[in-house]
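The values are calculated or read from the model by the stated rules, or taken from the named source; none is laboratory data. This structure is a prediction, so every number in the text was calculated from the model and none was measured. Here the Cβ positions follow ideal geometry from the backbone for every residue, glycine too, while neighbour counts run over all protein chains shown. Heavy atoms of the whole protein, side chains included, go into the accessibility calculation; ligands, DNA and RNA do not. Shrake-Rupley method; radii C 1.70, N 1.55, O 1.52, S 1.80 Å.
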Amino acid sequence: MCIVRWSLVRGAPSVRRTFATLSAIGLVGLVAALGCSDSPPASSASSAPLALSSANEGASSSAKSERPITAESIYEAEEFWPNIVAVADGWQPQSTERARPKTLQGALIRVERDGTARIDLAQFGRVDVPVAQTDLVERANAVRRGEVFKHRGNLAMQLSPLLVRSDLERPGPNPSRGIKGAERILCVFADPRAETFPEIAAGFMAWVEGRNVPAIFVAQNVGRDDLSYIHGRLREVGWTAPFVYPERAATQTERLLREAPRVPWIQLLTREGRELESMRFGGEDSFTALERALVVKTES
């Protein structure tokens with residue numbers, strides 16, 4: 001385990017470089033843990049078209065089920081969603097200058113209700129692939145049988161290394177316990193420079209109070225030089241939510257929403273990444289919709 005002592009001075013270029021470097025290190029470690037690389041070597045290809053990854057993928061969920069998972073039930077079987085999946089040999093990226101390797105796998109973002117899997121394939125992009133063209137069901141059943149370990153909370157694990165805390169005077173890595181321990185996660189996509197941002201922040205501060213639903217701020221229209229600005233802006237409006245490192249905000253927006261919203265947007269997800277609600281933020285109506293989504297999740 002590597003313990004890093006943070007000594008940050010707001011606004012200094014060295015702070016941004018240090019934070020960027022450490023974030024990159026965290027991402028590399030995450031990708032390594034997932035078994036997903038930016039350039040999967042062709043020599044690693046298995047003779048089987050859809051090969052399972054090593055059984056030691058990390059901390060596992062001990063839950064087991066006697067009922068086999070199918071393509072029809074995989075959406076609801078989120079506790080068995082694997083951390084990584086492979087796509088079939090016949091699937092090709094829509095546009096890339098790179099030739100795909102025989103074995104192409106990536107981090108599972110989530111399974112959609114329409115029977116597609118959203119996958120992060122690194123340099124091949126964030127893509128939506130029919131479940132039938134992946135080994136998702138096979139891997140999920142291996143997890144179900146206890147043959148393959150998985151990290152609990154796919155979404156929580158993927159987001160945690162990218163978060164900056166704003167509750168302290170200086171920005172630093174956000175403690176992962178609160179995110180990884182939550183059943184649901186609320187992502188808020190908004191421009192911190194917008195005139196309405198203080199009102200938006202106040203609404204979410206009040207809504208999350210007393211709920212084990214952490215709100216994560218994914219700033220829009222920002223770049224790598226905006227770390228100190230976002231940190232200061234959140235503290236200025238009194239909303240000390242963790243936020244995605246600005247250099248990664250656009251990519252995380254693409255992963256979760258596919259494209260950047262033109263208006264403030266909210267997305268409620270389970271810690272595995274299953275989408276419970278995704279909508280334009282509209283004040284009280286949005287909070288009512290969030291409450292409804294939480295009730296449905298609890299009853300299910």
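Extent along the principal axes, Cα only, for region 192-300: 44, 27, 23 Å, with the longest axis given first. In order along region 106-123, the Karplus-derived 3J(HN,Hα) couplings, from 6.51 cos²θ - 1.76 cosθ + 1.60 at θ = phi - 60°, round to x, 7, 6, 7, 5, 9, 9, 5, 7, x, 10, 10, 8, 10, 9, 9, 6, 5 Hz, and Gly and Pro are given as x. Applying the Karplus relation 6.51 cos²θ - 1.76 cosθ + 1.60 with θ = phi - 60° to region 237-242 yields 3J(HN,Hα) values of 8, x, 10, 8, 7, x Hz, where x marks Gly and Pro. Taking the charge dipole of region 156-213 about its Cα centre, with +1 at Lys and Arg Cβ atoms and -1 at Asp and Glu Cβ atoms, the residue from Pro175, Ile200, Cys187 reaching farthest to the positive side is Pro175. Computed about the Cα centre, the dipole magnitude for region 161-266 is approximately 360 debye when only Lys and Arg (+1) and Asp and Glu (-1) carry charge, each at its Cβ. Amide H to amide H distances under 5 Å link Phe281 with Trp265, Ile266, where only residues 5 or more positions off or on other chains count and H is placed in the peptide plane. With every protein chain in place and a 1.4 angstrom probe, the accessible-area ranking of Glu199, Glu254, Glu78, largest first, reads Glu199, Glu254, Glu78. Placing +1 on the Cβ of every Lys and Arg and -1 on the Cβ of every Asp and Glu, with nothing else charged, gives region 224-300 a dipole about its Cα centre of roughly 160 debye.
For Gly172, the residues whose amide H sits under 5 Å from its own are Arg165, ignoring neighbours fewer than 5 places away on the same chain, with H placed 1.01 Å from N.
Residue-wise HN-Hα couplings along region 271-284, as the Karplus relation 6.51 cos²θ - 1.76 cosθ + 1.60 with θ = phi - 60° gives them from phi, are 5, 7, x, 5, 7, 9, 7, 8, 7, 5, 6, x, x, 4 Hz; Gly and Pro carry x. Share of carbon and sulfur in the accessible area of region 151-300 stands at 45%, probe radius 1.4 Å. Counting only protein heavy atoms and a 1.4 Å probe, region 178-241 has 42 square angstrom of accessible area per residue.
Taking amide H positions as modeled 1.01 Å from N, with prolines and chain starts lacking one, the residues under 5 Å from Thr134 and 5 or more places away or on another chain are Ala88.
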